[in-house]
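S.K.: This structure is in structure tokens; I'll ask about it shortly.
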Amino acid sequence: NVRDATISTDGKYLVYVQDEGELQSLWLKQIPTGSSVQIAPPTNVIFQGIAISPDNSWVYYNIWDRKNVGEIFRVSALGGAPQKVIHDCMPNIEISPDGKRIAFVRNVDEEAASYLIIADISTLKETRLTVGGKDLGGVDSFVWSPDGKSLALFGRKPSEDGKYPLTISEINLENDTQKLIWSG
């Protein structure tokens with residue numbers, strides 16, 4: 001009944017979504033001891049992504065209530081009340097290696113486009129990055145480079161035969177450039 005999971009960068013914690021029929025809850029497991037604690041109670045939502053801050057103090061999660069847009073919350077790894085961080089986002093979230101930024105995707109219906117957004121965690125100031133386009137495709141998922149200076153983007157782009165082959169591209173955060181690395 002585990003739907004999604006992520007592990008901390010040091011391998012000491014596992015956060016997972018427990019599926020309980022129409023309800024889902026969020027759990028934190030301390031790997032060395034094997035003990036688990038519920039950090040978000042069972043609710044009628046869908047968890048769409050989870051991440052652990054590099055210092056293991058926060059668990060970030062994206063939820064969708066099956067009606068509105070997704071929202072990112074964070075909760076202390078020790079438990080407590082969740083705090084809303086981001087409104088209007090798609091599945092998947094990633095925390096930068098330094099723990100200061102969060103990456104997520106937002107659809108902009110008026111533009112019929114999706115954008116990768118980087119937000120400063122302390123101020124929530126957002127920066128929309130150049131993503132997608134005819135040669136690069138859209139974004140399905142992404143991951144930070146270890147130095148936090150770029151992101152690898154995994155996506156799909158429509159081809160002339162009507163298929164959507166996988167693409168891997170890199171976006172350089174220092175100069176907001178993107179290059180296609182592989183398409184297949």
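S.K.: In 10 Å bins starting at 0, how do the alpha-carbon pair distances of the range 40-85 split up by percent?
M.R.: Each 10 Å bin holds this share of Cα pairs: 28, 57, 14, 1.
S.K.: Here is a further query. In terms of Cα to Cα distance under 12 Å, which aspartates and glutamates are near enough to residue 179, apart from those fewer than 8 places away along the same chain?
M.R.: 135, 170
S.K.: Hand me the trypsin sites (Lys or Arg not before Pro) from the range 64-104 located in a DSSP loop with no more than 11 other Cβ atoms within 10 Å, in residue order please. Don't jump to the answer; show the numbers that get you there.
M.R.: Details: sites: 66, 67, 74, 84, 100, 101; in loops: 66, 67, 100.
Qualifying residues, ordered by number: 66, 67.
S.K.: Let me ask something additional. Which loop-located chymotrypsin sites (Phe, Trp or Tyr not before Pro) does the range 1-107 contain, where loop means any DSSP state but H, G, I, E or B and the Cβ has at most 14 other Cβ atoms within 10 Å?
M.R.: none
S.K.: Compare 40, 81, 152 in a GNM of the chain, Cα atoms joined below 10 Å, and give the one with the largest fluctuation.
M.R.: Evaluated over the chain, the most mobile residue of the options is 81.
S.K.: Relative to the Cα centre, what is the charge dipole magnitude of the chain, using +1 at the beta carbon of each Lys and Arg, -1 at the beta carbon of each Asp and Glu, and rounding to the nearest 20 debye? Display every interim value, and only then the final one.
M.R.: Numbers: 18 positive and 24 negative charges, 48 e Å.
So the magnitude is around 240 debye.
S.K.: Within the range 143-166, find all residues whose amide N lies under 17 Å from a label point positioned 7 Å from the Cα of residue 113 along Cα-to-beta-carbon.
M.R.: The answer is 156-158.
S.K.: Mind checking which lysines have their Cα closer than 24 Å to the Cα of residue 84? Skip sequence neighbours fewer than 8 apart in that chain.
M.R.: Within the straight-line cut-off, residue 84 pairs with 29, 67, 100, 125.
S.K.: Any chance you could check the Cα centroid distance between the range 17-52 and the range 135-184 for me, in angstrom?
M.R.: The range 17-52 and the range 135-184 have Cα centres spaced 30 Å from each other.
S.K.: Viscosity 0.692 mPa s, temperature 37 °C: Stokes-Einstein D of the range 39-164 from its Kirkwood Cα radius, in µm² per second?
M.R.: 212
S.K.: Moving on. Can you give me the relative contact order of the range 35-184 as a percent, contacts being Cα pairs under 8 Å and 6 or more apart?
M.R.: Computed over the range 35-184, the figure is 12 percent.
S.K.: How large is the Kirkwood hydrodynamic radius of the range 19-66, counting all unique pairs of alpha carbons, in Å? It would help to have the intermediate numbers written out before the result.
M.R.: Working: mean 1/r = 0.0853 Å⁻¹.
Its Kirkwood hydrodynamic radius stands at 11.7 Å.
S.K.: Excluding the sites themselves, what is the longest stretch of the chain that contains no GluC sites (Glu not before Pro) in a DSSP loop with at most 13 other C-beta atoms within 10 Å?
M.R.: Working: sites that count: 22, 160, 174.
Free of exposed loop sites, the longest segment is 23-159.
S.K.: Can you give me the three principal axis dimensions of the range 50-120 from its C-alpha atoms, in Å, biggest first?
M.R.: Here the spans come out as 40, 27, 15 Å, largest first.
S.K.: Further, regarding this structure: I'd like to check one number: the per residue accessible area of the chain, probe 1.4 Å, reported in Å² as a whole number.
M.R.: Here the per-residue accessible area is 54 Å².
S.K.: Ignoring ligands, DNA and RNA, what percent of the 1.4 Å accessible area of the range 1-138 is carbon and sulfur?
M.R.: On the way: 3620 of 7190 Å².
Solvent-exposed carbon and sulfur of the range 1-138 make up 50 percent of the total.
The values are calculated or read from the model by the stated rules, or taken from the named source; none is laboratory data. All figures in this text were calculated on a predicted structure; none of them were measured in a lab. When we count neighbours, we look across all protein chains shown, and the Cβ atoms used for this are built from the backbone with ideal geometry, even at glycine. These area figures cover heavy atoms from the full protein model, side chains too; ligands, DNA and RNA do not enter into them. Shrake-Rupley method; radii C 1.70, N 1.55, O 1.52, S 1.80 Å.
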